[in-house]
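Colleague: This is the structure I want to talk about, given as structure tokens.
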Amino acid sequence: MGFTPAADNLVTENPDHIHIMPPADARVICPTDYFSGPGKKVLLLLNQEIKLPVAAVQQVWDASQLRICADGGANQLYKYSLKHGLDWLPDFVIGDLDSLRPDVSIFYKSKGVKVKQQASQYYSDLDKAITLSNLALLDSTINLDDYDDYDGLSKHEESITDSIKDKVSVFMMGSIGGRFDHTVSTISKLIKLHQTRPNFEFIVRNNEYNEYILFIPKGRNFVTLLQEKDYHRGEELVKASLPLVGLLPLACPVRLSTTGLKWDVTNWESSIEGKVSANNLLVGDNGFLVDTTGPIFVNIEI
């Protein structure tokens, strides 16, 4: 990345609005591409109450090619649909099913939803849902009855050589917030999935605060909420208040260089036991650049 040793740990305060020209070699990370961009789209619902407005959930639902509830996520979808008079049905419910309410299971089965138990405790319900995503995208006619109820799907995936090569965008609801161990488990899982499923891009929507949580891989990245066609319109789309941004070194210590934040950093050391850029602000009217020596997470206010 060509960091200059003499410029270590610099912090530069910027004006409230600047325009960024994304370098050609930057990886573009744009969660709103989920709604109209190319590629395969999967919605994963986990076991946490859905608190988002109907319009926000509807947008994700309509954009998704595949909709999967991980165990108790089916309870949450059922409750939300009942509350708002919606007739939404997932494609699959999967997990060890220890959280799935019997009445919810009966209801979804009666509507033709495929409910599959995978009882193994060596895979999390999130693991099982992602495995099913891959298999169902490979074969839209997959018959879940062909696989045992312990770990049949995971074993099947391990035995096949084929896999999805195209980009797969996975929108996760109900994975952040609630029990702290579940949140940390999700973070850990996303770090590992970047290695095992590099073509899967995960978008996490906070259920209790209006923000995305994004995995940012090592290297140069341009993070934006605008689609490419709107980059030049950044000044027109500036918010009245500046969105909050956090750069979170949850995987390992890193060095960061940024362009487009209120307090940009250059070759800045960051770690959980050291410095963390929290409560920063987005001043790039079309996004910001972050160059990182290792993977980080970014939370960005919507």
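Derivation of every value follows stated rules applied to the coordinates shown; laboratory data play no part. None of the values given here were measured: they were computed from a predicted structure. Cβ sites come from the backbone with ideal geometry, for glycine too, and all protein chains shown count toward neighbours.
Colleague: If you add up the charges near V168, with Lys and Arg at +1 and Asp and Glu at -1, over every other residue whose beta carbon is less than 13 angstrom from its beta carbon, what do you get?
Modeller: Numbers: positive: K40, K41, K165, K167, R197; negative: D33, D166, E201.
Around V168, the surrounding residues sum to +2.
Colleague: Helix-only estimate, please: 222 nm mean residue ellipticity of the chain, summing -39500 (n - 2.57) across DSSP H runs of length 4 or more and dividing by its residues, to the nearest 500. Walk me through the numbers before you get to the answer.
Modeller: Values: 6 runs with 70 residues, N = 302.
Helix-only estimate at 222 nm: -7000 deg cm²/dmol.
Colleague: Compute the distance in nm between two label points, each set 7 Å from the Cα along the Cα-to-Cβ direction, one at T196 and one at L89.
Modeller: The modelled label-to-label distance comes out at 3.1 nm.
Colleague: On to the next question. How far apart, in nm, are two points set 7 Å out from the Cα along the Cα-to-Cβ line at A55 and at Y122?
Modeller: 4.8 nm
Colleague: For a test of the definition: using alpha carbon positions, the gyration tensor, and the 1.5 limit on a/c, classify the chain as rounded, prolate or oblate. Provide the component values of the computation, followed by the final result.
Modeller: Details: a/c = 2.10, a/b = 1.75, b/c = 1.20.
Judged from the Cα gyration tensor, the chain comes out prolate (a/c at least 1.5, a/b above b/c).
Colleague: Excluding residues on the same chain fewer than 8 positions from K218, give the aspartates and glutamates whose Cα lies under 19 Å from its Cα.
Modeller: Straight-distance partners of K218: D8, D25, E201, D264, E269, D291.
Colleague: Related question: With unit charges on the beta carbons (Lys and Arg positive, Asp and Glu negative) and the dipole taken about the Cα centre of the range 1-128, which residue among L82, G72, V57 sits farthest to the positive side?
Modeller: Looking along the dipole axis, the top candidate is L82.
Colleague: Continuing with this model, one more query. Compute a Gaussian network model of the chain, connecting alpha carbons closer than 10 Å, and tell me which residue from K41, K275, K262 fluctuates the most.
Modeller: Residue with maximal mean-square fluctuation among K41, K275, K262: K275.
Colleague: Using θ = phi - 60° and the Karplus curve 6.51 cos²θ - 1.76 cosθ + 1.60, what whole-Hz ³J(HN,Hα) does each residue of the range 86-96 get, with Gly and Pro shown as x?
Modeller: After applying 6.51 cos²θ - 1.76 cosθ + 1.60, I find 9, 10, 6, 10, x, 6, 9, 10, 9, x, 6 Hz.
Colleague: Specify which residue in the list G152, N134, V168 is farthest towards the positive end of the charge dipole of the range 134-181, using unit charges on the beta carbon of Lys, Arg (+1) and Asp, Glu (-1), about the Cα centre.
Modeller: Most positive-ward Cα: V168.
Colleague: Now for a different question. Quick check on my link table: of K51/K189; K41/K109; K83/K114; K40/K275, which ones sit more than 26 Å apart, alpha carbon to alpha carbon?
Modeller: K40/K275
Colleague: Going Cα to Cα from K111, which aspartates and glutamates come in below 20 Å? Please leave out same-chain ones fewer than 8 positions away.
Modeller: Filter leaves D62, D71, D87, D91, D103, D145.
Colleague: Working out 0.36 nm times the residue gap between S271 and S81, then minus their Cα-Cα distance, what length gain in nm do you get to one decimal?
Modeller: Values: separation 190, 0.36 × 190 = 68.40 nm, distance 4.13 nm.
Taking S271 through S81 to full extension adds about 64.3 nm, to one decimal.
Colleague: Additional query: Would you mind computing, in nm to one decimal, how far apart the modelled labels at E13 and E208 are, each placed 7 Å from Cα along Cα→Cβ?
Modeller: Between E13 and E208, the simple spin-label model gives 3.2 nm.
Colleague: Name all residues of the range 100-128 having a backbone nitrogen under 16 Å from the label point set 7 Å from the Cα of H156 along its Cα→Cβ direction, giving them as ranges.
Modeller: Once the point is set 7 Å along Cα→Cβ of H156, 114-120, 128 turn out to lie under 16 Å by backbone N, inside the range 100-128.
Colleague: Pick from F180, F288, F222 the residue whose mean-square fluctuation is largest in a GNM of the chain, springs joining Cα atoms under 10 Å.
Modeller: Highest fluctuation among the options: F180.
Colleague: In a Gaussian network model over the chain where Cα atoms closer than 10 Å are linked, find which of G39, G95, G85 has the largest mean-square fluctuation.
Modeller: Result for the chain, Cα springs under 10 Å: G85 fluctuates most.
Colleague: Normalised by the residues of the chain, what does the relative contact order come to in percent, with Cα pairs under 8 Å and at least six apart? If you can, show how the numbers build up before the last one.
Modeller: Working: 609 pairs, mean separation 73.3, N = 302.
Result for the chain is 24 percent.
Colleague: State to the nearest 20 debye the size of the charge dipole of the chain about its Cα centre, where the only charges are +1 on K and R beta carbons and -1 on D and E beta carbons. Present the calculation step by step, with values, prior to reporting the outcome.
Modeller: Values: 29 positive and 39 negative charges, 47 e Å.
The calculated dipole for the chain is roughly 220 debye.
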